Amino acid sequence: MSLCINPRCLEPDHPGNDGNRFCQSCGSDLILQNRYRVLRLISDKSGFGNVYEAYDRSIPKILKVLKDNYNANSKAVELFQQEAEVLSELHHPGIPLIEPKGYFQFLPRDGSGVLHCIIMEKIDGPNLREWMKQQGNHPISEKQALNWLKQLAEILHLIHGKNYFHRDIKPENIMLRSSGQLVLVDFGAAREMTHTYLAHLTDGSSGVTRISSAGYTPPEQEQGQAVPQSDFYAVGRTFIYLLTGKLPTDAGIYDPIHNAFQWRHYADISPQLADFIDRLIAPSVSDRPQTTQDLLDTLTHLARSLPSSPTGVPATRMPAATVAQVLSHPLRSLKTVNRHWVFAAATLALGVVGVGVWGYRLGLPSVVAIEQVTLVRSLQGHQGSINTLAVSPGGQTFVSGGADNTIKLWDWQSTTPQQTLAGHTSFVNTVAVSPDGQAIVSGSADKTIRIWNRQTGAIERTLQGHISLSTPC
């Protein structure tokens, strides 16, 4: 399909557009700059612009077009053009690539007015808000947090080094490439750090445009007084979300009466890393790290000094003889270290040692690690990530819950699910099997706990009362 970007076109997706140079509805050119053909609208809710998927021959691109109602707003046009200017000066895998002539203007055939356009690299992955939803909103590990913090610090080091700061860092503006590299996007709010601008902040005469994202914007920026350290605050708030699975405005972690965060008990991390994040979100700019080099130095120190797993959460593996104890443990969900990556392809991998080899949540004693684990079978059935897995007392049936809102029952002999339980309206975070194997209990992000009849698959009871996500114990 070829899509017309003329905002006044009555049928931008006219079926006759395919294979034609001009829109069959309004006559506007469908090949922008003699190179780019637009295929679909990705979003019309992204800041000042509409976001499209376009192709430069066979290469996918992102096309941003300033919304028609902003064309008469000189400040909006300036910010939009600025995004292209900033990106064209920055070359890093953590920043979308844009060519020097990435900004261009397009005039629809009806003469309705010039459209401002930016063409840039299309990132092959989700943003972190989408990624967290795919993972069932499970918190990331300390190791993952340190890795991602370092990546963002390196990106900001480059941006700040070019005398810019972003001003709108949040999970939706951080994308994850398939390679694992984070990419900071949406530079429309970026601000140049000139001496004139900083002087205006000092004398209170700044005419800066206010950019605000609830829960991620620091106090000084809410007052129109953003500074480079404002980016650090937004990074800290972002990682509170990643480490807890809770949005910064969630009543479970934010106390609006005292403007205080009570987030640390939700995060499975060391006190040292928690202290660092609290420094990032300090209300006063002077209490935050002052430069990106400060961030990099602190993260390097943390990576060297922290243990391989958080204090009090020993990631130990059990010998094969202990697996039976785990399989017979009723009403417990079995979770794995780094489960986000183990289950990322929505695949269940069963080994000779069994799914219970990582039993650190069960409070079992530390033991000698097993060196040999043999893959027996890989099973597929869920349409999204698998968030939780439990095994029946007899060890013959295991139950999985996923981000596709379903629960699936499997046995050791089959490669397909024996039963699918559907009823939750959001991702399933935890499952358990009753001691007699006749009931399945599930907890979901739809804030309910459901009890299922194992034989009929029917919901016997729905328990409500949670005000936030029902997550694993």
Checklist line | Cα-based Kirkwood hydrodynamic radius, region 8-72, one decimal, Å | finding: 12.6
Note to self: I need the calculated FRET efficiency for the pair ARG304 and HIS92, taking r as the beta carbon distance and R₀ as 22 Å, to the nearest 0.05.
What the structure shows: 0.35
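Is region 15-121 best put as rounded, prolate or oblate by its Cα gyration tensor, with a ≥ b ≥ c the root eigenvalues, rounded for a/c under 1.5, and otherwise prolate when a/b is larger than b/c, oblate when not? Spell out each step's value before the answer.
Working: a/c = 1.96, a/b = 1.25, b/c = 1.56.
Since a/c reaches 1.5 but b/c is at least a/b, the shape of region 15-121 is classed as oblate.
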Margin query: Step by step: find N for region 236-296, compute 2.2 N^0.38 Å, then divide the Cα radius of gyration by it. What's the final number?
Written below: 1.12
Item checked: Label-to-label distance, nm, for residues given as SER58 and GLN181 (7 Å Cα→Cβ offset) -> 2.2
Next item on the list: Report ³J(HN,Hα) in whole Hz for each residue of region 174-182, in order, from the Karplus equation J = 6.51 cos²θ - 1.76 cosθ + 1.60 where θ = phi - 60°; Gly and Pro get x.
Entry: 10, 10, 10, 5, 5, 6, x, 7, 6
Checklist line | For region 92-183, the spread of Cα positions along each principal axis, largest first, Å | finding: 54, 34, 23
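Based on the alpha-carbon set only, what is the convex hull volume of region 397-447 divided per residue, in Å³?
Working: hull volume 3.7 nm³, N = 51.
Convex hull volume per residue, Cα atoms: 73 Å³.
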Next item on the list: Once you have the Cα-Cα distance between GLN464 and GLU99, take 0.36 nm times their residue separation minus that, and quote the gain in nm to one decimal.
Entry: 126.1 nm
Note to self: Can you give me the long-range amide H partners of HIS466? Hydrogens built in the peptide plane at 1.01 Å from N, cutoff under 5 Å, separation of 5 or more residues or another chain.
What the structure shows: none
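Treat the count of other C-beta atoms within 10 Å as a stand-in for reagent exposure and order THR291, THR238 from fewest to most. Spell out each step's value before the answer.
On the way: THR291 15, THR238 27.
Placing the least packed residue first, the sequence is THR291, THR238.
Read-outs: derived from the displayed coordinates by stated rules, not from any lab. Fair warning: this is a prediction, and the values are worked out from it, not measured in the lab. Every residue, glycine among them, receives a Cβ derived from its backbone with ideal geometry; neighbour counts consider all protein chains shown.
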